[in-house]
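Everything below concerns the one structure shown next.
Read-outs throughout are calculated quantities, based only on the coordinates presented, and are distinct from any laboratory measurement. Because the structure is predicted, anything quoted here is derived from the model rather than measured. Heads up, the Cβs are rebuilt from the backbone with ideal geometry, glycines too, and the neighbour counts pull from every protein chain shown.
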Amino acid sequence: MRIVKGKFAGRHLTSPADMRVRPTKEAVRDALLTMLEPDLKGIRVLDLFAGTGALGLEAISRGAKFADFVEFRPASLHALKANVAALHLLDRTRIFKKDAVPWTAMLEPFRYDLAFVDPPYESRVLDRILDMWRAKPFARILAVEHATSHAIPNGARRKVFGDCTVTIYKAAGSEKRTANSEPPQPRPSGRGKSEE
């Protein structure tokens, strides 16, 4: 697995030795990020159910300012930390060892410009995250990877890749922050390292 495009194009990423982890295929990741490319420059990214961090790291490679990652499985956290360190992105990332659902519920509206949501396929956790986002959009854009058989509401854009589909939602009345916008301050504080 590797970064497809941008500053870190061609750099290989560590994958966890955990059969439950299903990294986004390169072709799907490339297509999704290409769809989002006009919005990537200088933005704040959240990668929920981050796994290896490939989506958030690819976003930084293509121009995002920084990314927060939320993951709790030990094998995935090990790979994620290794990937962030290998790309020398400790100062542009934070890793939260948390359950994504309660962690996301604590976010204020529009804390991020873009959030990736890629939970286990067919998990009802996805429906809970979508309900929370519709009630209180924690990101201006929500990019979801899900099983094609998992019916979710239509978004602004959708692309099907066989048994996998990506759906992009955009919050009404949201505006993109500029590249000079300050990142949100962590709670608790501590940029550039893992948050427990």
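Comparing 70, 125, 84 in a Gaussian network model of the chain where C-alpha atoms under 10 Å apart are linked, the largest mean-square fluctuation is found at 125. Counted over the chain, the DSSP beta bridges are approximately 40% antiparallel.
Semi-axes of the equivalent ellipsoid of the chain are 21, 20, 17 Å, computed as sqrt(5λ) over the eigenvalues of the C-alpha gyration tensor in descending order. Under the combined filter of DSSP loop state and at most 16 neighbouring Cβ atoms within 10 Å, the range 118-158 retains these trypsin sites (Lys or Arg not before Pro): 124.
As a calculated quantity, the FRET efficiency between residue 1 and residue 98 at R0 = 30 Å, using C-beta atoms, amounts to about 0.80.
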